[in-house]
Each structure stands twice: as structure tokens, then as C-alpha cells.
Amino acid sequence: MRKLVTVALLLALAGCSSQGRVDGPVLTSPRPGLTDRGGFDAIVAGIVVYEADSNCLYLELDGVRNPVIWPAGTRWQEDPPAIVLTGGVRAEPGTAVQGGGGYLSVDHIRESVGDAVAVEVQRCADPAASVAFFNTGSRVELQE
């Protein structure tokens with residue numbers, strides 16, 4: 001019986017980790033869980049762009065704006081507008097950031113982040129855009 005309860009608890013915890021969060025315009029990946037298999041091998045980089053009218057955040061690089069999924073634990077600060085990264089570092093609009101991750105198709109983001117985040121990505125995304133996705137647990141750094 002104890003083994004069955006333990007397995008049920010582990011499955012419940014793994015299920016909880018499969019949903020990202022929406023905090024204002026900040027969209028985050030799920031918290032690291034038991035089923036995580038690493039991440040993407042690319043570098044995600046760009047200038048933080050905040051569109052207050054649509055309440056959407058983007059990373060812009062070479063004139064292309066992509067909605068962005070931040071690592072779990074990232075949150076939104078309303079006044080002044082800023083992304084609060086893990087460790088308390090703030091990235092205001094206009095700041096260049098970089099971290100490990102990759103780019104996903106808007107149509108395939110739901111499997112990685114869950115329904116609530118996917119709905120917001122689709123609301124903010126240009127149909128031809130990709131989604132900038134920082135790996136779960138990635139350290140996003142400010143660039144100079």
C-alpha cells in the first residue's frame with residue numbers, strides 16, 4: 001500500500017510540473033520535474049520588447065520579434081515594467097538578454113508548456129513567428 005501511495009504521489013508531482021505559468025505578460029516553462037530530459041542546445045538571445053497595449057513580451061533579434069517563454073521562477077514586475085529573473089536580476093524593456101534554449105513552432109508549444117501558456121503565446125504571436133524558449137533551469141543573463 002505504501003508503495004502505491006508513493007507512486008501516485010510521484011505521478012501527481014510529475015503532472016504538476018508539466019504546466020507553465022502566466023504572470024502578467026511573463027510566460028514561463030514548467031518547473032523542473034521528474035520527467036525532464038534536458039533542453040535545447042541553441043542560444044536564445046534578443047532585446048526585451050514589451051507591448052503594453054497587448055500585454056505581450058517579445059525577444060527581438062535582427063528585426064524579428066518572437067514571443068518568449070522564460071524559465072520557471074521568472075516573474076513580472078509592474079512598476080516599473082520589468083522581468084524579474086531567477087536570483088532577482090531585473091530585465092527592463094530594451095535590455096538585451098541571452099540564455100540556453102531554442103525556438104519552437106507556435107503550433108507545437110502546448111506540449112511543452114500546457115494550455116494556459118499556449119493560449120497566451122498564440123494570442124501574442126504572429127502566425128509565422130517562432131517562440132523563443134529558454135530551457136527549464138536556464139540562467140538568463142543580461143548582455144552589454
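Have a look at 60, 111 and point out the one that is part of a strand (DSSP E or B), acidic (Asp, Glu) and over 15 Å from residue 23 (Cβ atoms). Selected residue: 60, the only one of 60, 111 that is part of a strand (DSSP E or B), acidic (Asp, Glu) and over 15 Å from residue 23 (Cβ atoms).
Selection within the stretch 53-91: residues that are surrounded by fewer than 17 Cβ atoms within 10 Å (Cβ to Cβ), more than 19 Å from residue 129 (Cβ to Cβ) and among the small types (Gly, Ala, Ser). The member of this set that is modelled with the lowest pLDDT is 87. Consider the stretch 122-135 and keep the residues that are more than 13 Å from residue 65 (Cβ to Cβ) and in contact with a strand residue (DSSP E or B) (Cβ under 8 Å, 6 or more places away or on another chain). The one that is surrounded by the fewest Cβ atoms within 10 Å (Cβ to Cβ) is 123. If you go through the stretch 100-107 one residue at a time, do you hit one that is modelled with pLDDT of 95 or more, out of contact with any helix residue (DSSP H, G or I) (no Cβ under 6 Å at 6 or more places or on another chain), under 20 Å from residue 31 (Cβ atoms) and not in a loop (DSSP other than H, G, I, E, B)? The answer is no, given that none of the residues of the stretch 100-107 is modelled with pLDDT of 95 or more, out of contact with any helix residue (DSSP H, G or I) (no Cβ under 6 Å at 6 or more places or on another chain), under 20 Å from residue 31 (Cβ atoms) and not in a loop (DSSP other than H, G, I, E, B). If a residue has to be touching a strand residue (DSSP E or B) at 6+ places or on another chain (Cβ under 6 Å) and farther than 15 Å from residue 143 by Cα to count, how many in the stretch 45-83 make the cut? Of the residues in that region, 17 qualify.
Within the stretch 101-122, residues that are more than 18 Å from residue 73 (Cα to Cα) reach partners that are assigned to a loop (DSSP other than H, G, I, E, B) and aromatic (Phe, Trp, Tyr) with beta carbons closer than 6 Å, at six or more positions or on different chains, in the pairs 102/40.
Working only within the stretch 112-135, note down all residues that are out of contact with any Lys or Arg (no Cβ under 8 Å at 6 or more places or on another chain) and at pLDDT below 85. Steps first, answer last, please.
As a first pass, look at the stretch 112-135 and keep what is out of contact with any Lys or Arg (no Cβ under 8 Å at 6 or more places or on another chain): 112-115, 119-125, 127-128, 130-135.
112, 127, 128 - these are the residues of the stretch 112-135 that are out of contact with any Lys or Arg (no Cβ under 8 Å at 6 or more places or on another chain) and at pLDDT below 85.
Only one of 73, 94 is in contact with a Ser or Thr (Cβ under 7 Å, 6 or more places away or on another chain), on the phi > 0 side of the Ramachandran plot, touching a residue at least 12 places away in the same chain (Cβ under 8 Å) and not in a strand (DSSP E or B); which? Criteria check complete, one pass: 73.
The values are calculated or read from the model by the stated rules, or taken from the named source; none is laboratory data. Being a predicted model, the structure only gives us computed values, none of them experimental. Please note: Cβ atoms are built from the backbone with ideal geometry, for glycine as well, and neighbour counts cover all protein chains shown.
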